[in-house]
Amino acid sequence: MPSLQDYIIIIVQSSNVQVPTLLTTLVYLERLRSKLQKMAKGMPCTRHRVFLATLIVAAKYLNDSSPKNKCWCAYASLFDLAEINLMEKQLLFLLDYDLRFSEQEALASFAPFLPKSRSPYPAPSASAKETRAVAVSRAKARVQAHISLPPTP
């Protein structure tokens with residue numbers, strides 16, 4: 001059995017999963033961490049199973065067209081289709097079938113990957129708000145320039 005890190009690399013490369021899916025996987029893993037006992041024990045492949053299940057659920061939640069479980073079976077190579085189906089159902093049960101998450105929950109999960117000055121939840125400065133407002137105005141102007149709408153009566 002490959003190490004968890006190698007297994008994650010193999011799955012991410014073979015499935016061509018996108019960054020938002022990986023980040024959503026982190027949110028679900030954090031939720032699981034808070035629900036499971038600290039001293040929970042499992043089989044040697046338990047961490048692999050948990051990661052795969054969270055990745056599958058995140059992919060299905062975020063993407064209208066995500067790989068079917070039989071494809072994940074080929075990507076994962078350690079587990080058969082029945083096991084993957086069961087892992088997905090068990091994960092959904094543990095998450096109370098609630099896959100939504102707030103911006104605050106996302107930021108908390110992504111904090112280790114954000115610059116220290118942005119962690120955990122900084123208040124934007126006045127100049128940052130002004131810069132953003134200018135950028136939004138420019139973006140709206142560009143969109144309006146490319147869209148020719150009929151004149152309003």
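Numerical summary
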quantity: Residue 30 accessible area, assembled protein chains, probe 1.4 Å, Å²; calculated: 80
quantity: Candidate residues 64, 96: accessible-area rank, largest first, probe 1.4 Å; calculated: 64, 96
quantity: Solvent-accessible surface ranking, highest first, for 23, 32, 86 at 1.4 angstrom; calculated: 86, 23, 32
quantity: Per residue accessible area in Å² of segment 1-47, where ligands, DNA and RNA are left out and the probe is 1.4 Å; calculated: 71
quantity: Set 38/89; 41/116; 41/89; 38/68; 70/116; 89/116 screened for pairs whose C-alpha atoms are more than 30 Å apart; calculated: 41/116; 38/68; 70/116; 89/116
quantity: Solvent-accessible area per residue, Å², over segment 51-120 with all protein chains present [probe radius 1.4 Å]; calculated: 61
quantity: Solvent-accessible area of residue 70 with every protein chain in place, 1.4 Å probe, in Å² to the nearest 10; calculated: 140
quantity: Area accessible to solvent at residue 19, 1.4 Å probe radius, in Å²; calculated: 90
quantity: Lys/Arg +1, Asp/Glu -1 at C-beta; segment 1-87 dipole; positive extreme among 12, 23, 63; calculated: 23
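The values are calculated or read from the model by the stated rules, or taken from the named source; none is laboratory data. Note that this is a predicted model, so its numbers are computed, not measured. Neighbour counts run over all protein chains shown; Cβ positions are idealised from the backbone, glycine included. Areas reflect the complete protein model, heavy atoms only, side chains present, ligands, DNA and RNA absent. Shrake-Rupley method; radii C 1.70, N 1.55, O 1.52, S 1.80 Å.
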